[in-house]
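What follows is a single structure, written as structure tokens, with notes after it.
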Amino acid sequence: MDAPPLPDAGPPRFDHAFCAQLQDLLIWRRDVRHFRPDPVPSALAEELLDIVQLAPSVGNSQPWRFVQLESASARHSVRASFARCNADALAGYDGERAKRYASLKLSGLDRAPLQWTVFCDEATEQGHGLGRLTMPQTLAWSVVGAIHVLWLAARARGLGLGWVSILDPAEVSGALDVPPAWHFVAHLCIGWPDEEEATPELERQGWQARTSLGRSVLIR
């Protein structure tokens, strides 16, 4: 698929109103786990995929690869992997923290109408290796950047996105029968959110508040 066309006009000027809206988008972007079952129109899904192609990538390699889970067997495999991994994670906590973990809803696998598993094609020749000889992990980082672009684009269109990370990458890759060079990065649940909140659910549930740690800058 060709990249989406760029506008013919000169560079835009982003005013204060746009900057404020962009900040609102960042604030209201949530890791959604509660979905309505209403389907996501295929045209909207295609639009999101087009926007993802504008994401930055090392050497312009665009190494992201999507698998759309349509079959009951594919979705069952991912849910089964999540159930096993989630039970193992719960076993790693005790006391009040274990009770709090058990109370969290950590995925939307049961209701999200659109589910994409995202891989990094580590054998891609696009980009001719530029920028990744000394840091090959920049391929996977490019995929993460593309997912964030998708996250914001989905939210701007009223969709919610949840990133499921409590999975066994080898199990999921095997179940989906992807090429050996495709490295698992994320399983994404996409759909219309049941609720919309500006505060992350993990913060509302008392699991972890935002802190200023990420604001630290080390001066040398």
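The values are calculated or read from the model by the stated rules, or taken from the named source; none is laboratory data. Keep in mind that what you see is a predicted model, and the values were worked out from it rather than measured. Don't worry about glycine lacking a Cβ; one is built from the backbone with ideal geometry, like all the others, and counts go over all protein chains shown.
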Just one of (1) at pLDDT 95 or above; (2) touching a strand residue (DSSP E or B) at 6+ places or on another chain (Cβ under 9 Å) trips up residue 200, so point out which.
(1)
Of all the helices (runs of 4 or more DSSP H) wholly in region 135-220, which have at least 3 residues that are in contact (Cβ under 8 Å) with a residue 60 or more places away in the chain?
138-156, 169-176
Filter result (under 15 Å from the mean Cα position of the chain (by Cα) and not in a strand (DSSP E or B)) within region 29-52:
29, 30, 32, 33, 45, 48, 49, 51, 52
Of the residues in region 178-204, those that are out of contact with any Ser or Thr (no Cβ under 9 Å at 6 or more places or on another chain) and not aliphatic (A, V, I, L, M) number 13
